[in-house]
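The values are calculated or read from the model by the stated rules, or taken from the named source; none is laboratory data. Keep in mind that what you see is a predicted model, and the values were worked out from it rather than measured. In this analysis, Cβ positions are derived from the backbone assuming ideal geometry, glycine residues included, and neighbour counts consider all displayed protein chains.
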Amino acid sequence: MLGSGSAGNSALIATDHCRVLVDGGLSARQIALRLEQSGVRPEQLDGVLLTHEHGDHVCGLEVLCRKFDIPIYANALTAEAVRSDCSLDRHRNWRIFRTGAEFSICDITVQTFPVPHDAVNPVGFAFYAGAGSLGFITDLGYATKLIVERLRPVQTLVIETNHDEKLLQNDIHRPWPVKQRIQSRHGHLSNAAAAGVVEELLSGKIERVVLGHLSRDCNRPELALQTVRSTLTKCGRVDVETHCATQFEITPQFRIGDTYAGAFQPTFDNALFQNAV
Ligand SMILES: [Zn+2]
Ligand SMILES: [Zn+2]
């Protein structure tokens, strides 16, 4: 995770053959800097995948993609929203997918699925490469049955623990409608809600949970970790690793599984995409 929180989100997923970002919500400078700390140059990126159009997920893209002609993967509504909002309308390198579609970028297979959040067409991802699998859900009001099904086979899960319910209720700076929005079915997962999702996935393949998208004022890493860890303890699953990503620095690199040795066959299927208009 290059950085994660209410003020900006971006994560790097890499195999021996391929490097993609999920979201570009830090400044382009910070993305480049943190990529460098991870041993990757921006020009080596094979794409940026967008979950949705909110500023904390896309604000660095304009500069990053102007400097480096990186393909942007998004569904049509998200692409349109981002293009109408900034000078990315000049960006030519869009790869438009249908929400629900599965496609490949080099040797990474990407599954997309809808998530409930107050954006035009927000998505979550499940990634498969070699023997490794990774689920990625940030910015969602609750986990639908479909989301849980899609995530059951993944070993590592990135999930938002946006707020602590008590801290949000007691927050004096947020007006009531904003609190309502955050807590709604199209808002954000609380620590307790995320722990509930993790509990549902314990019958699957989960081995590691990385918490992210913490609210600056209404959460703290130790609270989020404590909530998820006590659920794991209750379920007798202290073997599941837990980590918490933060806003200002990169997390350690998580090794998710081995890429199969030898040359890979590019499986990118252009037929899945139509050109953005
Ligand atoms: Zn967000
Ligand atoms: Zn959002």
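Below, the figures for the structure above:
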{"item": "One residue from LEU88, LEU21, LEU49, LEU61 being within 16 Å of ligand 2 (Cβ to nearest atom), under 28 Å from GLY187 (Cα atoms) and touching a helix residue (DSSP H, G or I) at 6+ places or on another chain (Cβ under 8 Å)", "result": "LEU61"}
{"item": "Leading residue by the ranking (surrounded by the fewest Cβ atoms within 10 Å (Cβ to Cβ)) among those in region 76-120 that are closer than 21 Å to ILE13 by Cβ and acidic (Asp, Glu)", "result": "GLU102"}
{"item": "Wholly within region 1-106, strands (runs of 3 or more DSSP E) carrying at least 3 residues that are away from ligand 1 (no atom under 16 Å from the Cβ) and not charged (D, E, K, R)", "result": "11-14, 72-75, 94-97, 102-105"}
{"item": "Given (1) modelled with pLDDT of 95 or more; (2) away from ligand 2 (no atom under 16 Å from the Cβ); (3) touching a strand residue (DSSP E or B) at 6+ places or on another chain (Cβ under 6 Å), index of the condition TRP94 fails", "result": "(1)"}
{"item": "All positions within region 145-164 that are within 16 Å of ligand 1 (Cβ to nearest atom) and not polar (S, T, N, Q)", "result": "VAL158, ILE159, GLU160, HIS163"}
{"item": "Top-ranked residue in region 121-144 [being within 14 Å of ligand 1 (Cβ to nearest atom) and of a type in the set (A, V, I, L, M, F, W, C); ranked as surrounded by the most Cβ atoms within 10 Å (Cβ to Cβ)]", "result": "LEU140"}
